[in-house]
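The values are calculated or read from the model by the stated rules, or taken from the named source; none is laboratory data. The model shown is predicted, which means the values in this text are computed figures rather than measured ones. Neighbour counts are summed over all protein chains in view; Cβ atoms, including those assigned to glycine, are modelled from backbone coordinates with ideal geometry. Ligands, DNA and RNA are stripped out before the accessible areas are found, and what is left, the full protein with its side chains, is counted by its heavy atoms. Shrake-Rupley method; radii C 1.70, N 1.55, O 1.52, S 1.80 Å.
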Amino acid sequence: LGIDGLSAMTAKEARRLLGSMVFVDDDAREGLESVLHPLMKRWVSHAAGVLSEEEGLYVLEGALLVEMGLDGIADALVLVACEREECIARAAARDGLDSASAQRRLDSQMPLTDKIRRADWVINNGSGSPPDSLPGQISVILGQITGSRRMG
């Protein structure tokens with residue numbers, strides 16, 4: 001189908017096609033980001049404005065929130081992190097990529113260490129952390145967030 005058939009593709013097909021282009025060509029990635037990121041920022045800002053008027057908590061999930069400068073829009077930043085090799089293996093399995101392609105995708109993002117420095121909390125979802133530990137980690141963080149909201 002090529003890029004001309006993008007509108008007829010499923011989201012998964014479009015993601016695969018665009019990924020095959022933008023993660024091998026920095027200019028293509030920057031071009032795509034120059035179109036998508038402003039739209040995403042406007043949507044997030046609008047949603048945050050609407051939701052901030054409501055009672056309760058809201059969660060904004062996204063791999064590039066910090067890169068796009070959207071981490072400051074929220075009261076707290078919770079980062080889910082795992083080891084580099086684990087991230088590469090998971091991306092390769094999820095998206096049907098070879099290891100080199102998955103590594104290029106990860107390399108196009110801000111380094112994890114930089115994201116960790118900006119995070120208020122970090123959930124360890126790596127190979128050293130059993131999957132059944134995730135609910136406990138989330139529960140502790142949620143308790144701290146809701147506790148701080150009640151006091152603030």
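Out of the range 120-152, which residues are in contact with a helix residue (DSSP H, G or I) (Cβ under 8 Å, 6 or more places away or on another chain) and modelled with pLDDT of 90 or more?
121, 122, 123, 124, 125
Restricting the range 51-78 to residues that are open to solvent by 70 Å² or more (accessible area, probe 1.4 Å) and in contact (Cβ under 8 Å) with a residue 60 or more places away in the chain, which is farthest from residue 25 (Cα to Cα)?
57
Please enumerate the residues belonging to the range 18-60 that are within 27 Å of residue 98 (Cβ to Cβ) and either among the aromatic types (Phe, Trp, Tyr) or in a loop (DSSP other than H, G, I, E, B) (or both).
23, 24, 25
Return the residues of the range 2-25 that are among the charged types (D, E, K, R) and farther than 22 Å from residue 70 by Cβ; say none if nothing qualifies.
Scanning the range 2-25 gives 4, 12, 13, 16, 25.
Is it the case that the range 104-121 has a residue that's of a type in the set (Val, Ile, Thr) and closer than 24 Å to residue 33 by Cα?
At the first step, the residues of the range 104-121 found to be of a type in the set (Val, Ile, Thr) are 113, 116.
From the residues that got through so far, the ones that are closer than 24 Å to residue 33 by Cα too are 113, 116.
For the range 104-121, residues of a type in the set (Val, Ile, Thr) and closer than 24 Å to residue 33 by Cα: present.
In the range 61-73, which residues are part of a loop (DSSP other than H, G, I, E, B) and over 24 Å from residue 129 (Cβ atoms)?
Once the filter is applied, which keeps residues that are part of a loop (DSSP other than H, G, I, E, B) and over 24 Å from residue 129 (Cβ atoms), the range 61-73 yields 67, 68, 69, 70.
So how many residues does the range 15-50 have that are open to solvent by less than 70 Å² (accessible area, probe 1.4 Å), of a type in the set (A, V, I, L, M) and farther than 19 Å from residue 106 by Cα?
3
Condition check ((1) in contact (Cβ under 8 Å) with a residue 12 or more places away in the chain; (2) open to solvent by 70 Å² or more (accessible area, probe 1.4 Å); (3) under 18 Å from residue 58 (Cα atoms); (4) in a loop (DSSP other than H, G, I, E, B)) across all residues:
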{"position": "80", "(1), (2), (3), (4)": "yes, yes, yes, no"}
{"position": "92", "(1), (2), (3), (4)": "no, no, no, no"}
{"position": "105", "(1), (2), (3), (4)": "yes, no, no, no"}
{"position": "109", "(1), (2), (3), (4)": "yes, no, no, yes"}
{"position": "115", "(1), (2), (3), (4)": "yes, no, no, no"}
{"position": "126", "(1), (2), (3), (4)": "yes, no, no, yes"}
{"position": "140", "(1), (2), (3), (4)": "no, yes, yes, no"}
{"position": "145", "(1), (2), (3), (4)": "yes, no, yes, no"}
